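See below for the structure under consideration.
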Amino acid sequence: MKFGWKIVVGSIIGFLGAAFGSVGGVGGGGIFVPMLNLIIGFDAKSSTAISKCMIMGAAASTVYYNLNLRHPTLDLPIIDYDLALLFQPMLVLGISIGVAFNVVFADWMITVLLIILFLVTSTKAFMKGAETWKKETTMKKEAAALVESNGNGAEDVKFKPLPGEPANGNGTEATETKRTKVSVMENIPWKEFGVLCAVWVIILGLEVGKNYSTECSALYWVLNLGQIPVAVGVSGYQAVCLYTGKRVIASKGEEGTDWKVHQLVLYCLCGMAAGMVGGLLGLGGGFILGPLFLELGIPPQVSSATATFAMTFSSSMSVIEYYLLKRFPVPYALYFIAVATVAAFTGQHIVRKIITILGRASLIIFILAGTIFISAIALGGVGIAKMIEAIEEHAYMGFENLCTYDS
């Protein structure tokens, strides 16, 4: 590994991508892949592999930062573990399917899908941010009017909970200060965390075994299909518990207790779709989960923290697989993991401080929308350039055969 202007420029872009990506809960893969490919000079497969390493570093750093933080308005952890139990197993399953689709689909198909998907999700996220900004402005005006009518000083407004949905608006200075942070041991529901780790270990074992089996052999398909009962079983059980009221998505407040069957099925499928997009494009899945959680009414801080938590499992699984397959040079990977880790921690710390000062949780949503939009331009631009090159060379641009594909 040699330091030069390419490493310096790549580090700066990677730092900014990891900082903003971790705050928005999208990882930053849409910025990492073009940077590694166009600036550092790695081929497409190595760029994807090192991008996964950077996503893992940023996600792990963000999760560590969030482990002892509390929900902005409720007495709960900022990471919604029940929400993660519903989505994370299907996310991991979807990534396995997406990786297979990445082999089958032509590059131009992936590029078109990427541009359409990212433009839609970034637009939806921006509109959600604008809506949240208006609600926050209304809350601030009401608070100011209340203070003025009561003749109190500005101190009473200072300790209001961070804006988010649902907001109870009843927090006091002592309560909010006490509940901002608690010990990690108290803040983690160990049963749910253990189930998520077990799913990670089982599916990782099946994936590693699949990679060392003959392509499309009987063992290959047994190991591949063996992931379905694990992921569907865990997410399905969580969905049944939510439907019967045994468990709730507490971060939604009272709305998190009333679920319809079609809603739960749709959300599980959305989790799998997020994984498929992540595996197809070499991203973390947060580009879908982040906007989806916001649409569910999850507060921006909780949405970002939970999406990043789920991405930690999926990205670390990919990194282990890529390492065993020798897909990336370790020195470069370690360096960029360090850059992403420091950037994510820095971004979380600075943005949380700004949100506390301004009382604008909608900043997280705008960062999410901006990161997705920039990723659409960067990845879409690279994809279009490759598409034009393939057309000029009259290259084959149809579907590939999964069993005869030369990786």
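Overview of results
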{"quantity": "With every protein chain in place, the range 341-407: carbon and sulfur % of accessible area (1.4 Å)", "calculated": "68"}
{"quantity": "Virtual spin-label span in nm between Leu325 and Tyr64, 7 Å along Cα→Cβ", "calculated": "2.8"}
{"quantity": "Distance (nanometres) between label positions extended 7 Å along Cα→Cβ at Glu192 and Val240", "calculated": "1.9"}
{"quantity": "Distant-in-sequence amide H partners of Gly284 (H built 1.01 Å from N, under 5 Å)", "calculated": "Gly29"}
{"quantity": "Entries of Lys128/Lys260; Lys52/Lys191; Lys181/Lys353; Lys52/Lys128; Lys210/Lys326 with Cα pairs more than 19 Å apart", "calculated": "Lys128/Lys260; Lys52/Lys191; Lys52/Lys128"}
{"quantity": "Calculated from backbone phi, Karplus (6.51, -1.76, 1.60) coupling profile of the range 324-330 in Hz, x at Gly/Pro", "calculated": "5, 8, 6, 8, 9, x, 4"}
{"quantity": "Gained length - Cys216 relative to Leu113, 0.36 nm times residue gap less alpha-carbon distance", "calculated": "34.4 nm"}
{"quantity": "Hypothetical label at Val9: residues of the range 24-66 whose amide nitrogen lies under 17 Å (7 Å Cα-Cβ projection)", "calculated": "31-43"}
{"quantity": "For Ile78, residues with placed amide H under 5 Å, excluding near neighbours", "calculated": "Leu69, Arg70, His71"}
{"quantity": "HN-Hα J in Hz across the range 116-128 - Karplus 6.51, -1.76, 1.60, θ = phi - 60°, x for Gly and Pro", "calculated": "4, 5, 5, 5, 5, 5, 5, 5, 4, 5, 5, 5, 5"}
{"quantity": "Residue-averaged 222 nm ellipticity for the chain, from DSSP H runs of 4+ at -39500 (n - 2.57), nearest 500", "calculated": "-24500 deg cm²/dmol"}
{"quantity": "Alpha-carbon centroids, the range 186-211 and the range 81-135: separation in whole Å", "calculated": "22"}
{"quantity": "Along the chain, longest interval not containing exposed chymotrypsin sites (Phe, Trp or Tyr not before Pro), exposed being DSSP loop plus at most 15 other Cβ atoms within 10 Å", "calculated": "213-395"}
{"quantity": "Tilt relative to the chain, helix 286-295 - C-alpha long axis, 0 to 90 degrees, to 10", "calculated": "30"}
{"quantity": "Contour excess over end-to-end distance, with Cα ends at Val120 and Ala143 and 0.36 nm allotted per residue", "calculated": "4.8 nm"}
{"quantity": "Partnerless Cys - the chain, beta-carbon criterion under 4.7 Å", "calculated": "Cys53, Cys197, Cys241, Cys268, Cys270"}
{"quantity": "Solvent-accessible area per residue, Å², over the range 1-147 with all protein chains present [probe radius 1.4 Å]", "calculated": "39"}
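The values are calculated or read from the model by the stated rules, or taken from the named source; none is laboratory data. In this text the structure is predicted, and so the values were computed from the model without any measurement. Counting neighbours? That spans all protein chains shown, and the Cβs are built from the backbone with ideal geometry, glycine included. Remember, those area values only see protein heavy atoms, side chains included, never the ligands or the DNA or RNA. Shrake-Rupley method; radii C 1.70, N 1.55, O 1.52, S 1.80 Å.
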